[in-house]
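To start, the structure itself, in structure tokens.
The values are calculated or read from the model by the stated rules, or taken from the named source; none is laboratory data. The structure presented is a predicted model; accordingly, all values stated were derived computationally and were not measured. Because the Cβ atoms are built from the backbone with ideal geometry, glycine has one as well, and the counts that use them run over all protein chains shown.
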């Protein structure tokens, strides 16, 4: 096995789960996320000489997967839907994320969801997240703050206290 093959195989084994979770959390559809992630890893392999030197190769794969998904949605928007044959709703099974978290993530605006995926799920720093999304670091911080506030309010159980008199 050549050095490039071994490096890529190691990267793939170490990164598949995290990348799949990140894409699934963004798309909300595990089947679609698996397809997009597989396509992104295939693209990474084809460009491994470039991807291996990228400052955040996992982020490159996630971005490529999300771009593949955007292309898929663009193609799908031109198709005629058949009643009862649309893609099933997302399932949390296999993503490693609770259904409530996935539901809350899907309710976030797309950019906030992308920031959460890159910053929290992939553990990228603010500057790397900003570069991946093509936005300023301050904008990442703003989106992250808004997203965390929205997620916190949606996922924190409300308690009511009753006073007995």
Among (1) at pLDDT 95 or above; (2) under 11 Å from the mean Cα position of the chain (by Cα), there is one condition residue 29 misses while meeting the rest; what is its number? (1)
For residues that are over 30 Å from residue 112 (Cβ atoms) and either surrounded by 17 or more Cβ atoms within 10 Å (Cβ to Cβ) or free of Cβ contacts under 8 Å to residues at least 12 places away in the same chain (or both), tally how many sit in the stretch 1-49. 10
At pLDDT below 90, crowded, with 19+ Cβ neighbours inside 10 Å and within 26 Å of residue 135 (Cα to Cα) - does that describe any residue in the stretch 84-91? no
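Taking residue 101 as the residue in question, decide whether it is modelled with pLDDT under 85 and within 25 Å of residue 135 (Cβ to Cβ).
So residue 101 fits the description; yes.
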May I ask you to say which residue of 3, 53 is closer than 24 Å to residue 130 by Cβ and over 18 Å from the mean Cα position of the chain (by Cα)? 53
Before we move on, is residue 60 in contact with a helix residue (DSSP H, G or I) (Cβ under 7 Å, 6 or more places away or on another chain), surrounded by fewer than 17 Cβ atoms within 10 Å (Cβ to Cβ), assigned to a helix (DSSP H, G or I) and modelled with pLDDT of 90 or more? no
